[in-house]
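Just below is one structure, and these are the notes that go with it.
The values are calculated or read from the model by the stated rules, or taken from the named source; none is laboratory data. Values in this document were obtained by computation on a predicted structure and should not be read as measured data. No Cβ is skipped: glycine too gets one built from the backbone with ideal geometry, and neighbour counts run over all protein chains shown. The accessibility values were calculated without ligands, DNA or RNA, using every heavy atom of the protein model including side chains. Shrake-Rupley method; radii C 1.70, N 1.55, O 1.52, S 1.80 Å.
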Number of protein chains: 2
Amino acid sequence: MSRRRREGAAVGATPGGTAATSAVGLRRVVEPAGVLPQAAYRLDARSEIAADEVRIRVERLNLDAASFRQLSEKHGGDGAAVRAEVLEIIGERGKMHNPVTGSGGMLVGTVDEVGPESPLPVSPGDRVATLVSLTLTPLAVTDGLVDWDGRSEQVPCTGHAILFARSIVAVLPDDLDPRLSLAVFDVCGAPALTARTVRGYRAPRVAVLGGAGKSGSLALAAARQAGAGRTVGVVPVPAERDRLADAGLADAVVLADARNPVALAAAVTGALGGPADVTVVCVDVPGCEHGAILATAGGGTVVFFSMATSFASAALGAEGLAADVTMLIGNGYLPGHAEYALSLLRTVPGVRALFTDRLTAD
Amino acid sequence: MSRRRREGAAVGATPGGTAATSAVGLRRVVEPAGVLPQAAYRLDARSEIAADEVRIRVERLNLDAASFRQLSEKHGGDGAAVRAEVLEIIGERGKMHNPVTGSGGMLVGTVDEVGPESPLPVSPGDRVATLVSLTLTPLAVTDGLVDWDGRSEQVPCTGHAILFARSIVAVLPDDLDPRLSLAVFDVCGAPALTARTVRGYRAPRVAVLGGAGKSGSLALAAARQAGAGRTVGVVPVPAERDRLADAGLADAVVLADARNPVALAAAVTGALGGPADVTVVCVDVPGCEHGAILATAGGGTVVFFSMATSFASAALGAEGLAADVTMLIGNGYLPGHAEYALSLLRTVPGVRALFTDRLTAD
């Protein structure tokens with residue numbers, strides 16, 4: 001076992017932001033030509049790898065929450081119909097890229113073959129999770145997803161996936177249930193960017209919408225560790241309120257519908273003693289942009305992590321409210337984000353408890 | 001004429017970010033209940049005003065570029081069909097809110113009546129432009145848009161519009177052609193946020209995609225004034241390249257299709273001597289997210305002003321490229337944004353020339 005493997009490190013192949021375009025998987029794009037894999041309609045998921053690629057034997061897909069919700073609601077909770085549509089999407093597009101939500105998810109599996117020129121720090125046999133979206137990962141399914149009932153985001157799956165030179169992959173740590181690590185990796189951009197944003201203020205008031213969820217609970221823990229003056233977790237139902245209160249991750253926990261701007265702003269302002277300096281949106285339903293903006297102080301920052309966020313609604317909402325707030329598109333990647341999220345899981349009991357409960361509930 | 005009128009100042013009624021929700025026009029929302037006006041499907045555009053409202057006699061609408069382009073392309077450039085659809089949208093929704101692009105535009109008119117409790121610094125007879133989007137402005141048209149041929153974003157229009165207490169409105173300055181002021185106000189968030197972002201770096205490299213357009217040319221001028229080390233304007237066609245080069249607003253001007261990430265990154269990196277520290281996206285076509293991210297250095301910032309930006313594409317694109325870039329949703333409002341944009345028009349000859357040429361071309 002390599003040292004890197006023991007660390008469970010998330011390592012990118014090349015620094016972000018360079019123009020190293022040959023490493024981003026262009027050769028796998030079938031149509032339209034000239035776009036990057038995420039923007040492509042269809043990828044080539046053939047199993048043969050190029051010299052700088054890696055092939056993964058897939059064990060499990062973890063569908064993005066917004067994507068699974070859309071599919072489940074579309075089919076009225078009919079698991080067989082959801083499964084059929086997921087299979088159809090993957091077969092048609094060569095990747096799990098929900099055409100409605102535009103989102104994907106991630107996967108876990110075992111490294112099968114590493115091209116001689118791959119810069120990724122993995123070896124055949126390593127158990128890994130991909131930290132790049134399924135929307136840009138070539139994927140082929142060979143078992144018809146027979147072991148999945150279509151009623152959970154966690155999809156047991158046999159097949160293969162391809163990683164490019166400039167991908168991000170994390171070896172699963174030995175001390176944690178792999179399902180736990182996967183759940184953390186799925187949202188590990190949220191705590192890292194929350195911490196960075198909170199450090200830009202002096203003891204700020206922080207509101208996390210959807211505070212009892214995966215990204216929300218990690219964001220609350222990160223905000224406190226990064227120096228938040230006071231934090232509030234906003235949740236939609238009493239059961240989540242009780243769970244989050246028990247976890248002790250926030251100074252206050254309030255019930256509010258994040259899609260109702262007036263109610264949300266009142267709840268946040270009441271709990272924090274004033275509007276939030278930093279508002280983190282982790283609610284995976286559409287229509288939370290205006291409430292987040294209205295709940296945020298002038299000069300504050302809203303971090304949108306929800307894939308259900310509408311760019312136009314946020315941009316025009318801030319303008320329409322004459323709100324001088326900085327609005328960040330939640331980037332799923334920051335250097336060290338996976339290690340940081342795992343450290344929160346290991347060291348903050350409330351985070352561990354919420355994640356473990358969620359696994360048990362699944 | 002009041003002092004405020006002479007200044008042509010843009011003035012908001014209340015500080016951004018407070019929970020002063022009664023001032024944001026909730027009483028005008030017809031459906032669905034509980035949302036803010038921008039999120040509403042339908043507004044009540046009746047002409048009677050409440051005590052804190054203002055009624056404007058409309059002279060002209062300025063459609064958002066993305067909205068007009070979508071309508072024009074949908075109808076194959078048939079102006080009569082475009083006009084009919086705009087009339088239908090306004091009649092159905094009580095506002096000019098393009099259901100496909102989610103965007104609106106702005107308007108110019110004359111203050112007709114000011115409620116006794118309105119905090120807006122305007123008086124009946126003032127010629128004004130609204131700086132909040134048409135997507136949240138109650139609007140009724142009474143002339144069937146007979147004077148518009150459906151072939152330009154500038155729409156001569158008779159009718160009325162309503163401003164709320166927390167709206168932003170600018171009195172048109174006397175020293176400028178009103179059409180010029182309107183064109184500047186329409187995009188005045190871009191130079192203000194560009195300047196703020198550039199000041200966060202030391203002599204940064206700045207790339208502006210769509211540098212010859214309205215927001216793009218103002219952003220280039222703002223970047224230089226705010227201390228950019230080197231700037232490049234990216235344009236799609238030779239005619240724009242020549243216009244922007246003549247205007248002298250950028251240190252370099254290059255031709256590239258912003259929808260082609262590989263070509264764009266190569267062009268920007270070549271012109272700047274390395275990837276951009278700040279990339280400003282002012283191109284009103286979809287699909288520019290990945291190129292902007294790929295052209296930006298690790299630790300850099302991408303400012304998305306185009307209303308054609310896809311949130312999911314940006315978020316997943318950065319993750320997929322392992323790019324540690326800050327991504328900002330372009331906020332149309334910053335304190336003092338209208339005055340700042342007008343000052344650039346007045347003091348930077350290249351900006352004035354591009355805006356004047358554009359008016360002449362219309």
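Selection within the stretch A:131-142: residues that are surrounded by 13 or more Cβ atoms within 10 Å (Cβ to Cβ) and more than 9 Å from every other protein chain (Cβ to nearest Cβ). The member of this set that is modelled with the lowest pLDDT is A:LEU134. The lone criterion from (1) farther than 24 Å from B:LEU131 by Cβ; (2) in contact with an Asp or Glu (Cβ under 7 Å, 6 or more places away or on another chain) left unmet by B:GLU319 is number (2). Scanning the stretch B:181-215 for residues that are open to solvent by less than 10 Å² (accessible area, probe 1.4 Å) and within 18 Å of B:MET106 (Cβ to Cβ) yields B:SER181, B:LEU182, B:ALA183, B:VAL184, B:PHE185, B:CYS188, B:GLY189, B:ALA190, B:PRO191.
The set of residues in the stretch B:244-261 that are assigned to a helix (DSSP H, G or I) and crowded, with 20+ Cβ neighbours inside 10 Å comprises B:LEU244, B:ALA247, B:PRO261. Considering (1) more than 8 Å from chain A (Cβ to nearest Cβ); (2) closer than 17 Å to B:ALA65 by Cα, the lone condition that B:GLY332 does not fulfil carries the number (1). Checking B:ALA219, B:ALA266, B:ALA312, B:ALA271 one by one, the residue that is closer than 27 Å to B:LEU342 by Cα, out of contact with any Phe, Trp or Tyr (no Cβ under 6 Å at 6 or more places or on another chain) and either within 14 Å of another protein chain (Cβ to nearest Cβ) or buried (at least 24 other Cβ atoms within 10 Å of the Cβ) (or both) is B:ALA219 and no other. If we keep just the residues of the stretch B:91-107 that are out of contact with any Ser or Thr (no Cβ under 8 Å at 6 or more places or on another chain) and open to solvent by less than 30 Å² (accessible area, probe 1.4 Å), which is farthest from B:LEU163 (Cα to Cα)? My answer is B:ARG93. Scanning the stretch B:246-262 for residues that are under 18 Å from B:ARG205 (Cα atoms) and without any contact (Cβ under 8 Å) to a residue 60 or more places away in the chain gives B:ALA250, B:ASP251, B:ALA252, B:VAL253, B:VAL254, B:LEU255, B:ALA256, B:ALA258.
Of the conditions (1) free of Cβ contacts under 8 Å to residues at least 12 places away in the same chain; (2) within 12 Å of another protein chain (Cβ to nearest Cβ), B:LEU36 clears all except one; give me its number. Result: B:LEU36 fails condition (1) only.
Could we say that A:ASP126 is open to solvent by less than 20 Å² (accessible area, probe 1.4 Å), acidic (Asp, Glu) and either without any contact (Cβ under 8 Å) to a residue 12 or more places away in the chain or more than 13 Å from every other protein chain (Cβ to nearest Cβ) (or both) here? Considered against the rule, which asks whether it is open to solvent by less than 20 Å² (accessible area, probe 1.4 Å), acidic (Asp, Glu) and either without any contact (Cβ under 8 Å) to a residue 12 or more places away in the chain or more than 13 Å from every other protein chain (Cβ to nearest Cβ) (or both), A:ASP126 comes out as yes. In the set (1) in a loop (DSSP other than H, G, I, E, B); (2) under 25 Å from B:VAL29 (Cα atoms), B:MET106 fails one condition alone, (1). Criterion applied to A:VAL285, A:VAL302, A:VAL281 was being open to solvent by less than 40 Å² (accessible area, probe 1.4 Å), touching a residue at least 60 places away in the same chain (Cβ under 8 Å) and touching a strand residue (DSSP E or B) at 6+ places or on another chain (Cβ under 8 Å), and the one residue passing it is A:VAL281. As an exercise: evaluate A:GLY76 against (1) on the phi < 0 side of the Ramachandran plot; (2) exposed (fewer than 15 other Cβ atoms within 10 Å of the Cβ) and give the number of the one condition it does not meet. Among (1) on the phi < 0 side of the Ramachandran plot; (2) exposed (fewer than 15 other Cβ atoms within 10 Å of the Cβ), A:GLY76 violates only (1).
Hey, does the stretch B:288-299 have a residue that's more than 9 Å from every other protein chain (Cβ to nearest Cβ) and open to solvent by 10 Å² or more (accessible area, probe 1.4 Å)? No, the stretch B:288-299 contains no residue that is more than 9 Å from every other protein chain (Cβ to nearest Cβ) and open to solvent by 10 Å² or more (accessible area, probe 1.4 Å). Looking only at the stretch B:266-302, residues that are at positive phi and either at pLDDT 95 or above or in the same structural domain as B:GLN70 (by TED's automatic domain parsing) (or both) come to 3 in all.
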